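Contents: one structure, followed by commentary.
Quick note: the coordinates plus some simple rules give every number you see, no bench work behind them. Please read these numbers as outputs of a predicted model, since none were measured by experiment. Here Cβ is always computed from backbone atoms with ideal geometry, including for glycine, and neighbour counts include all displayed protein chains.
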Amino acid sequence: MANVLELAGVRKIFRDFWGRPRVCALADVDLAVGRGEIFALLGRNGAGKSTLMQICLGLLAPTAGRAIVLGGAPGDLRVRGRIGYLPEESYLHGFLTARETLLLHAGLCGLPRHEAKARAEHLLELVDLRAAARRPAAEFSKGMLRRLCLAQALVGDPELLFLDEPTVGLDPLGTRSVMDLLLRLKGLGRTVFLSSHILGEVEEVADSFAILDRGRVLCAGARAELLAGEGGAARSLEDFFLAAIQGGGRPCGAQARS
Ligand SMILES: Nc1ncnc2c1ncn2[C@@H]1O[C@H](COP(=O)(O)OP(=O)(O)O)[C@@H](O)[C@H]1O
Ligand SMILES: [Mg+2]
């Protein structure tokens, strides 16, 4: 399987106003994500997940190391045009309705008006917001906002989707429907890179994952390989995650893939 994402020795040090190193958010991260898989980046708050994603998107420059996304540099406009991104925080214009929001973004993606309309309707259906299509986003619940942002990330029909904590603010049913949607996207050959600190939701859908802790990849690989315990019995992702974190940063099981 060809890789859509490769990181080699990626380090990110945030500096203070005087240029002095303040936080080492990522320390020599090696990672690879194969085409067509659902990949989950797991880690506690502050582990470096959003930083890593922003480097993949070209929104942050690494202090050292190299990222290759869809065969090119992360900031390359041709690469960006093939990527969708759901940020951790929802950024929407509150005065625009759900439909207007999607039409606006479809227009920004360069779709002609009639295609933009069809795309907006399709996405409203997909994220179950058709009934709220004419309501301004300012009136939306957190879960509705998250689903609208997800639809926005899909406007350009991206082949690679970055989702930073996609189910924040969603109730269990909302979470389930997002996970189902990710499986449908995978069925269409799309690659999904998501970050999460909620393990249960990821366990069923992720083909592979990596555990990030204090900026280091503790382990990465295919789910079945990583969760296979002693004697072939499968461990739960939660048990595996806790063992990895409590291992004090030593790699567990498979090594970080490169
Ligand atoms: N712009 C920034 N300036 C300084 N430190 C930052 C900045 N962004 C993130 N950090 C720090 O980098 C570390 C990783 O943060 P982040 O990538 O947001 O973690 P996660 O998404 O896993 O919760 C944290 O210690 C955070 O405080
Ligand atoms: Mg984050």
_Identity of the residue in region 75-99, within 16 Å of ligand 2 (Cβ to nearest atom) and among the charged types (D, E, K, R), that ends up nearest to Phe140 (Cα to Cα)_ = Glu89
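Yes/no matrix, rows are residues, columns are (1) within 28 Å of Leu111 (Cβ to Cβ); (2) touching a helix residue (DSSP H, G or I) at 6+ places or on another chain (Cβ under 9 Å); (3) within 16 Å of ligand 1 (Cβ to nearest atom):
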| position | (1), (2), (3) |
| --- | --- |
| Asp157 | yes, yes, no |
| Asp171 | no, yes, no |
| Thr175 | no, yes, no |
| Thr191 | yes, yes, no |
| Val205 | no, yes, no |
| Phe209 | no, yes, yes |
| Leu218 | no, yes, yes |
*Collect the residues in region 37-50 that are hydrophobic (A, V, I, L, M, F, W, C) and near ligand 1 (Cβ under 8 Å from one of its atoms), keeping them in residue-number order.*
Ala47
*Of the criteria (1) free of Cβ contacts under 8 Å to residues at least 60 places away in the same chain; (2) aliphatic (A, V, I, L, M); (3) part of a helix (DSSP H, G or I), which one Val10 fails*: (3)
*Tell me which of these Asp128 doesn't satisfy, since it passes every other one: (1) within 24 Å of the chain's Cα centre (by Cα); (2) outside any helix (DSSP H, G or I); (3) over 17 Å from Leu173 (Cβ atoms).*
(3)
*asked:* If Leu161 satisfies all but one of (1) more than 17 Å from His105 (Cβ to Cβ); (2) under 13 Å from the mean Cα position of the chain (by Cα), what's the number of the condition it fails?
replied: (1)
*Can you give me the number of residues within region 51-106 that are within 13 Å of ligand 1 (Cβ to nearest atom) and of a type in the set (Ser, Thr, Tyr)?*
2
